[in-house]
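The values are calculated or read from the model by the stated rules, or taken from the named source; none is laboratory data. As the structure is a prediction and not an experimental result, all values here were calculated from the model. For neighbour counting, all protein chains shown are included, and Cβ atoms are generated from backbone atoms with ideal geometry for every residue, glycine included.
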Amino acid sequence: MAWGERKNPRVSFEKSIDAVLIGADGTWSRECAVKDISATGAKLVLKTTMAGLNITEFFLVLSPAGKPYRRCQLVRVDGEMIGVRFIASGKSGPALKD
(Lines give C-alpha, C1' and ligand atoms only; values in the text may rest on other atoms or scores of the structure.)
Protein backbone atom coordinates (compact mmCIF):
# COMPACT_ATOMS: atom_id res chain seq x y z
CA MET A 1 0.00 0.00 0.00
CA ALA A 2 1.36 3.41 -0.92
CA TRP A 3 1.47 6.28 1.57
CA GLY A 4 -1.55 7.92 -0.04
CA GLU A 5 -3.81 4.84 -0.20
CA ARG A 6 -5.66 5.01 3.12
CA LYS A 7 -9.14 3.92 4.12
CA ASN A 8 -9.68 6.59 6.81
CA PRO A 9 -9.21 10.35 6.42
CA ARG A 10 -6.04 11.72 7.98
CA VAL A 11 -5.37 14.93 9.83
CA SER A 12 -2.05 16.41 8.72
CA PHE A 13 -0.16 18.82 10.93
CA GLU A 14 1.61 21.90 9.56
CA LYS A 15 4.10 21.53 12.42
CA SER A 16 4.57 17.91 13.49
CA ILE A 17 3.45 16.97 17.02
CA ASP A 18 6.16 15.66 19.37
CA ALA A 19 5.55 12.15 20.72
CA VAL A 20 7.44 9.15 22.14
CA LEU A 21 7.60 5.52 21.07
CA ILE A 22 7.91 3.02 23.92
CA GLY A 23 8.65 -0.67 23.43
CA ALA A 24 5.78 -3.01 24.29
CA ASP A 25 8.03 -4.54 26.97
CA GLY A 26 9.04 -1.10 28.30
CA THR A 27 12.77 -1.61 27.68
CA TRP A 28 13.28 1.22 25.18
CA SER A 29 11.89 4.58 24.13
CA ARG A 30 12.57 6.93 21.24
CA GLU A 31 11.42 10.45 20.38
CA CYS A 32 9.39 10.95 17.23
CA ALA A 33 6.99 13.42 15.63
CA VAL A 34 3.48 12.75 14.35
CA LYS A 35 3.22 13.94 10.76
CA ASP A 36 -0.38 12.83 10.25
CA ILE A 37 -2.92 10.66 12.06
CA SER A 38 -6.29 8.96 11.58
CA ALA A 39 -8.55 6.71 13.62
CA THR A 40 -6.58 3.65 12.48
CA GLY A 41 -2.96 4.74 12.01
CA ALA A 42 -0.33 7.43 11.72
CA LYS A 43 2.78 8.55 9.86
CA LEU A 44 5.68 9.25 12.22
CA VAL A 45 9.08 10.86 11.74
CA LEU A 46 11.83 9.30 13.86
CA LYS A 47 14.22 11.65 15.66
CA THR A 48 16.77 8.93 16.48
CA THR A 49 17.74 5.59 15.03
CA MET A 50 15.71 2.45 15.68
CA ALA A 51 18.54 0.15 14.57
CA GLY A 52 18.77 -3.01 16.64
CA LEU A 53 15.33 -2.66 18.25
CA ASN A 54 12.35 -4.95 17.85
CA ILE A 55 9.81 -2.41 16.68
CA THR A 56 7.05 -4.66 15.37
CA GLU A 57 4.79 -3.65 18.27
CA PHE A 58 5.09 -0.63 20.56
CA PHE A 59 3.20 2.25 22.17
CA LEU A 60 2.87 5.75 20.75
CA VAL A 61 2.62 8.19 23.67
CA LEU A 62 1.01 11.46 22.60
CA SER A 63 1.65 13.65 25.65
CA PRO A 64 4.35 14.17 28.29
CA ALA A 65 1.95 12.89 30.98
CA GLY A 66 1.76 9.50 29.25
CA LYS A 67 -1.89 9.80 28.24
CA PRO A 68 -3.34 9.37 25.70
CA TYR A 69 -1.42 6.59 24.04
CA ARG A 70 -1.98 4.08 21.26
CA ARG A 71 -0.73 0.51 20.88
CA CYS A 72 0.85 0.27 17.41
CA GLN A 73 2.08 -2.17 14.82
CA LEU A 74 4.77 -1.17 12.32
CA VAL A 75 3.50 -1.38 8.73
CA ARG A 76 6.14 0.44 6.67
CA VAL A 77 9.56 2.08 6.89
CA ASP A 78 10.90 4.74 4.53
CA GLY A 79 14.15 6.12 5.91
CA GLU A 80 13.32 8.19 9.00
CA MET A 81 9.57 8.00 8.31
CA ILE A 82 7.44 5.06 9.50
CA GLY A 83 3.81 4.11 9.07
CA VAL A 84 1.94 2.51 11.96
CA ARG A 85 -1.43 0.83 12.39
CA PHE A 86 -3.23 1.18 15.69
CA ILE A 87 -3.97 -2.18 17.26
CA ALA A 88 -7.60 -2.55 18.27
CA SER A 89 -8.41 -3.58 21.82
CA GLY A 90 -11.48 -5.63 21.11
CA LYS A 91 -14.22 -5.27 18.54
CA SER A 92 -15.14 -1.67 19.27
CA GLY A 93 -12.28 -0.15 17.26
CA PRO A 94 -8.74 1.18 17.75
CA ALA A 95 -7.25 1.21 21.21
CA LEU A 96 -7.26 4.70 22.67
CA LYS A 97 -6.29 5.11 26.27
CA ASP A 98 -6.70 8.46 28.00
Checklist entry - Does Ser12 fit the bill of being of a type in the set (Gly, Ala, Ser), surrounded by 15 or more Cβ atoms within 10 Å (Cβ to Cβ) and either at pLDDT below 95 or over 10 Å from the mean Cα position of the chain (by Cα) (or both)? => result no
Item to check | Subset tally (residues that are under 14 Å from Cys72 (Cβ atoms) and within 13 Å of the chain's Cα centre (by Cα)) for the stretch 37-54 | outcome: 9
